[in-house]
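Below: one structure, written as structure tokens.
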Amino acid sequence: EVIDTINNEGHITTADVRACVVDGKSVYVGFICTVNDWVLCVQIDKSDMMKPVNTITLYCVVIGVILLVGCLIIGYAITRVITKPITQLTSVIDEISELDMTSECEIDETNDEIGMMVQAVKRMRAKLSNIVGELDGISGVLVSDSNTLYDISEQVSDASSNNSATNEELAASMMQTTEATDSVNENIQTINESISNIADKIVDGTELTTDIMNKTVQIKENT
């Protein structure tokens with residue numbers, strides 16, 4: 001093609017590299033016009049020319065794979081460092097949500113925002129543990145006071161029952177006395193009226209005692 005161009009035009013002014021087939025081989029031919037219309041041609045097999053490129057490509061692929069594996073390993077290590085405290089922190093928070101303060105799970109401390117969260121959760125767990133301990137103590141005191149109140153209610157109920165029985169006997173005696181005084185002379189009518197007033201007051205006292213006993217029973221049931 002170059003020779004035909006020279007024969008037709010007498011000279012060639014272009015320089016180029018072209019792929020072609022020579023003797024059944026794929027080659028690259030480069031040509032350039034020099035002084036006195038001489039043309040310099042250089043030929044090289046395509047396989048020889050592409051060998052360095054293929055080698056460089058292979059090296060790039062190998063280096064890229066190595067770098068990729070290294071990045072994955074480093075990324076996994078970094079992710080592990082970041083996620084481990086988060087996993088531990090999540091476990092501790094779940095235990096706190098169940099009011100379980102007996103766990104001794106330790107959390108790795110770091111100097112980043114996660115470390116600050118860890119410190120905050122530890123402080124929260126300590127405060128909640130103190131609160132739970134105080135509530136346990138208060139609960140024990142309440143149980144003790146409840147038992148004491150129950151015993152007092154029992155004593156009050158027994159005393160009220162005895163008082164009611166005594167008042168009933170007194171009321172019966174006063175009624176008998178009143179019936180006996182009816183047959184006495186009218187001169188002692190004043191004494192009869194006084195005795196009747198006393199009997200009425202005793203009856204009122206009996207009703208009041210009954211009310212007290214009922215309230216005591218209600219207090220006992222509430223206790």
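For a straight C-alpha distance cut-off of 27 angstrom, the lysines reachable from residue 51 (same-chain residues fewer than eight places away being disregarded) are 25.
Amide H to amide H distances under 5 Å link residue 223 with no residue, where only residues 5 or more positions off or on other chains count and H is placed in the peptide plane.
Other residues whose C-beta falls under 10 angstrom from the C-beta of residue 45 contribute a net charge of +2, scoring Lys and Arg +1 and Asp and Glu -1.
Residue by residue, region 152-162 carries 3J(HN,Hα) couplings of 4, 4, 4, 5, 4, 5, 5, 5, 5, 4, 5 Hz when phi is fed to the Karplus relation 6.51 cos²θ - 1.76 cosθ + 1.60 (θ = phi - 60°); x denotes Gly or Pro.
Rounded to 0.05, the FRET efficiency of the residue 4 and residue 53 pair, given R0 = 45 Å and the Cβ-Cβ distance, is 0.90. Packing-based ranking of 80-92, 124-136 yields 80-92, 124-136, ordered from highest to lowest mean Cβ neighbour count within 10 Å.
Bear in mind these aren't lab numbers, they're just calculated from the coordinates by the rules spelled out. Not measured: the values here are computed from a predicted model. In this analysis, Cβ positions are derived from the backbone assuming ideal geometry, glycine residues included, and neighbour counts consider all displayed protein chains.
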